[in-house]
Amino acid sequence: AKELGRNQYQFYKELPRRKDGEKNLALETGLRYALERGELEVYYQPKVEVDSGRCYAAEALLRWRRPGHGLVSPGQFIPLAEESGLIVEIGEWLLRTVCLQIAQWRDAGLDMAVAVNLSPHQFRQKNLLERIDAILEATGTDRSRLEFEITESTMMHDPQQAVDTVRRLKSRGLALSIDDFGTGYSSLSYLKLFPVDYLKIDRSFVQDIDAQQADPRIVRAIIALAHSLDIRVVAEGVETAGQFEFLKRHQCDLIQGYFFGPPMPADELMERARPGRPSLLAQRDRP
Ligand code: C2E
Ligand code: MG
Ligand code: MG
Ligand code: MG
């Protein structure tokens, strides 16, 4: 009985860790099959031009419709896909899906640019450009309709290599954003070397705008810095009218966030952004 008691104790003690490992393994196995079974979906979130209130572009965001788990958000599986290398295959599927969606919208009368996120693993791939080229060619995609988002910390991991990759992407006619800016300790001298089109202010700074002791100086400084380098500014995670008004007052160019709409299925974006519809700003005022 004593022996049994000790074993039970050990079993109990080790249970949490084992359970975690099992959970990850199940998730990874599930993710591996998710692609083949068609469980991955792409949602699109509007990027709205502050001046016109029009949907200027959309960001493609992955979703996993996992049986028995509902709609799983990328925070729960991208890190695992990144670790296992599965992100490469998933990323190529996503890019192909986005390219086909751009064409489908165009055929239906909606001319929409779409931004695709590149993970650190993808960004460091040796043959990244060749793989992108192959997909764009196979789908006959107009390069001016496609953008990529790369986080500031991904770029700063190896700035020399990043400058090179960013330049090669740009020379292919693709637009680029620095994502989650303000969280990744950019050296300003490098920022000047990245020929990017957009800088996305991280959500954490946008949230601060509404805080009791709001200090607008950082957001203002980021916008001024970007504009001085001819880079347009996108604010992410804009949820309130107060945040929107503040950003508008400080010459932010584009807004993304629940204020204008969450990530949504392609049909819904088409419905809201198709020609003839009021601007997204007007749709907010009079739904
Ligand atoms: P991100 O690129 O910074 O995307 C913005 C995230 O903020 C999205 O989360 C979006 O749903 C969320 N968001 C947008 N507006 C608001 C708002 O007003 N309030 C709040 N609280 N959140 C808002 P999501 O879709 O869960 O994606 C999380 C991250 O996962 C993305 O961050 C991106 O880094 C990554 N991710 C998503 N799709 C892909 C993909 O296809 N490939 C890669 N490599 N990464 C992806
Ligand atoms: Mg992004
Ligand atoms: Mg972001
Ligand atoms: Mg973010």
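Quick notes on this structure:
- Residue in the stretch 258-267 that is assigned to a strand (DSSP E or B) and either among the hydroxyl-bearing types (Ser, Thr, Tyr) or in contact (Cβ under 8 Å) with a residue 40 or more places away in the chain (or both) present: yes
- Residues of the stretch 47-80 classified as more than 10 Å from ligand 1 (Cβ to nearest atom), touching a Lys or Arg at 6+ places or on another chain (Cβ under 8 Å) and within 21 Å of Gln101 (Cβ to Cβ), total: 6
- Out of Asp215, Asp202, Asp267, sole residue that is farther than 15 Å from Gly53 by Cβ, away from ligand 1 (no atom under 16 Å from the Cβ), within 22 Å of the chain's Cα centre (by Cα) and among the charged types (D, E, K, R): Asp267
- Residue count for the stretch 142-189 under the criterion of being open to solvent by less than 30 Å² (accessible area, probe 1.4 Å) and of a type in the set (Phe, Trp, Tyr): the result is 2.
- Only one entry in Ala282, Ala221, Ala226 is open to solvent by less than 60 Å² (accessible area, probe 1.4 Å), outside any loop (DSSP other than H, G, I, E, B), over 20 Å from Phe205 (Cα atoms) and not acidic (Asp, Glu), namely Ala282.
- Subset of the stretch 190-208 that is in a helix (DSSP H, G or I) and open to solvent by less than 20 Å² (accessible area, probe 1.4 Å) - its residue that is nearest to Leu225 (Cα to Cα): Leu191
- Contact map, the stretch 134-163: first residue closer than 14 Å to Asp197 by Cα and of a type in the set (A, V, I, L, M, F, W, C), second residue more than 16 Å from ligand 3 (Cβ to nearest atom) and in a helix (DSSP H, G or I), Cβ cut-off under 7 Å, separation 6 or more or different chains; pairs are Phe148/Leu169.
- Unmet criterion (only one of (1) in contact with a Leu (Cβ under 9 Å, 6 or more places away or on another chain); (2) small (Gly, Ala, Ser); (3) not in a helix (DSSP H, G or I)) for Gly237: (1)
The values are calculated or read from the model by the stated rules, or taken from the named source; none is laboratory data. Given the structure is predicted, the values throughout are model-derived calculations rather than measurements. Reconstructed Cβ throughout: ideal geometry from the backbone, glycine too, with neighbour counts over all protein chains shown. Each accessible area value is taken on the protein alone, full model and side chains, heavy atoms only, with ligands, DNA and RNA left out. Shrake-Rupley method; radii C 1.70, N 1.55, O 1.52, S 1.80 Å.
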